[in-house]
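The values are calculated or read from the model by the stated rules, or taken from the named source; none is laboratory data. Note that the coordinates shown come from a computational prediction; the quantities given were computed from them, not determined experimentally. Glycine gets a Cβ as well: all are built from the backbone with ideal geometry, and neighbour counts include every protein chain shown.
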Amino acid sequence: MEELYRILLERLEKQTETILAFITEGDGSIPRTTGAYMLVGENGRIFGTIGGGNLEYQAVLRAGELLEQKTSEYREYDLGTGEGEGLGMVCGGRVKVCFSFMDGSNGEQAALTQALAAHKGYRDYWILFSLEGKEIRVLDREAWAAVTAPLERTTGHCRLITLDGQNFYAEEFCYDGKVYLFGGGHLAQELVPVLTHLDFCCIVLDDREEYVQKTRFPDAEQTMLVDFTRLDEALSVQKNDYLVVVTRGHRCDADAEAFALRTDASYIGVVGSRRKTKYVREKLEAQGFTKEQLDRVYAPIGIEIGSETPAEIAISIAAQLIQIRSAKSGRRKGAHPALHT
């Protein structure tokens, strides 16, 4: 979302007409569900996707027409292959798409600036888009609770609600924890840009000064020079955080993993061969860590995809973190059911 906010803000500040298209409801087999956003300008799609294929092709065409008309629209698409208005997509299903026309005249910049600040500050917030294309609102958790208290069926991360006589699509964005990468070598260099693109906040730690230079990790939120044997003095890990151990050797791995096991981190992953994993596990067992504690660790790290190179291993780790994040939040696990006020 951060990149979407940036691009949209830049265009609106120049008073460049833009359509923000997003899915508000999905039913059946569909390529993307709620939370899929796309920006369309005078020359076609600019950023994001609502699922590709004929749905996206038709949506981009319609957005172009709406740009010429300088208006918004809320419509349903039948993706099926049957007779009638179906788009001929094998996946079938139906989606509702809101096309929100923006040119900066309704003060959208203030809300988008607020959302961007919350996103960059890793603060929980709700963003509300009017289905009539008239307004954007940003609410923190307390404000959201206050306005939705009188409403029924207020569960879920994405929903349709009516406030002050307007219909809104609302989506929640929660701070999901930081990714601490212990080790600033080749693998971390491949992994940080991927994770940053996926909206993970990365902090890189190493005991070698040249491996924590900011120029080495321009996408990282922070780099830290640490002593792997004294990590308790340097870090305060939270329950939602992810700990990724990719140091240069088994000694540093063991120190970082021992520290990780003393935290409540939601994820601990350690890179290495099965032989190295067995060696480190035996060393930690000798230090008194129990089988239950050690079973928290994903080792070898990542999803098995036959990866060998640092770039490939980075993708396998990123995929596993996406999987863990999805399981924690309950989001993006198949199509959402239809949403109601």
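Some values worked out for this structure:
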| read-out | value |
| --- | --- |
| Complete set of residues in segment 232-256 that are farther than 16 Å from residue 188 by Cβ, in contact (Cβ under 8 Å) with a residue 24 or more places away in the chain and touching a helix residue (DSSP H, G or I) at 6+ places or on another chain (Cβ under 9 Å) | 232, 235, 237, 240, 250, 254, 255 |
| Tally of residues being touching a Ser or Thr at 6+ places or on another chain (Cβ under 9 Å) and of a type outside the set (Ser, Thr, Tyr) across segment 307-316 | 3 |
| Test: residue 210 is of a type in the set (Asp, Glu), in contact with a helix residue (DSSP H, G or I) (Cβ under 7 Å, 6 or more places away or on another chain) and in a helix (DSSP H, G or I) | no |
| Residues of segment 213-252 that turn out to be of a type outside the set (Lys, Arg), within 26 Å of residue 197 (Cα to Cα) and touching a Gly at 6+ places or on another chain (Cβ under 8 Å), as a count | 11 |
| Output for segment 175-224, where each listed residue is among the small types (Gly, Ala, Ser) and within 23 Å of residue 300 (Cα to Cα) | 177, 183, 184, 185, 188 |
| Residue list for segment 263-312, filter: assigned to a helix (DSSP H, G or I), under 23 Å from the mean Cα position of the chain (by Cα) and small (Gly, Ala, Ser) | 311 |
| Residue ID - modelled with the highest pLDDT, chosen from residues in segment 160-201 that are more than 22 Å from residue 119 (Cβ to Cβ) and of a type in the set (S, T, N, Q) | 189 |
| Unique match (being modelled with pLDDT of 90 or more and crowded, with 16+ Cβ neighbours inside 10 Å) among 280, 245 | 245 |
